[in-house]
Amino acid sequence: QGTNLEATLESGEQGTDDDRVRVDSFRPITDAATVYGSASYRETQQETVTSTSEILINSRTGRCDINRSTRYSRLKIRIPAGTTWTFAAGVVPDFKPEGTQ
């Protein structure tokens, strides 16, 4: 049996060349008490993907507070090894439109 291994889940990439989005936050769907979140971002499909630093889930709101403007983004959660949890089903994003170019 042993202790739980580290788990990482990443969403599909969201966005378009026409519209910018503000990644405000996201809510991990998991019963893990310790969860770290980050967001990848890039301006074009040809650009190399860059990621934000990992942040610990906010214990009051249950959200990972990211504040990033971009055209394309993926959301990622990491549950550290040894954390007690029984499910992780994805994330609920909080993206807001920022305009067009």
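Carbon-plus-sulfur fraction of the accessible area of the chain, 1.4 Å probe, in percent?
Heavy-atom surface of the chain belonging to carbon and sulfur, 1.4 Å probe: 46 percent.
Taking Cα atoms of the stretch 13-71, Rg/Rh with Kirkwood Rh, to two decimals?
1.02
Any idea of the accessible area per residue across the stretch 38-91, 1.4 Å probe, to the nearest Å²?
With the other protein chains kept in place, the stretch 38-91 gives 56 Å² per residue.
Evaluate the distance, in nm, between pseudo-label points positioned 7 Å from the Cα of ILE55 and of THR84 along their respective Cα→Cβ axes.
Each label point lies 7 Å from its Cα, and together they span 2.8 nm.
Largest first and in whole Å, what are the equivalent-ellipsoid semi-axes of the chain based on the Cα gyration tensor, each being the root of 5 times an eigenvalue?
27, 14, 10
So for the chain, taking the charge dipole from beta-carbon charges (+1 Lys/Arg, -1 Asp/Glu), which of THR52, THR34, GLY15 sits furthest toward the positive end?
In the chain, that residue is THR34.
Given the options ASP18, ASP65, ASP31, state which has the largest fluctuation in a GNM of the chain using a 10 Å cut-off (strictly under) for Cα springs.
For the chain, modelled as a Gaussian network with Cα springs under 10 Å, the answer is ASP18.
If amide hydrogens are placed 1.01 Å from N in the peptide plane, which non-local residues have theirs closer than 5 Å to the one on ALA32?
THR86, PHE87
The values are calculated or read from the model by the stated rules, or taken from the named source; none is laboratory data. Given the structure is predicted, the values throughout are model-derived calculations rather than measurements. For neighbour counting, all protein chains shown are included, and Cβ atoms are generated from backbone atoms with ideal geometry for every residue, glycine included. With ligands, DNA and RNA removed, areas are computed over all heavy atoms of the protein, side chains included. Shrake-Rupley method; radii C 1.70, N 1.55, O 1.52, S 1.80 Å.
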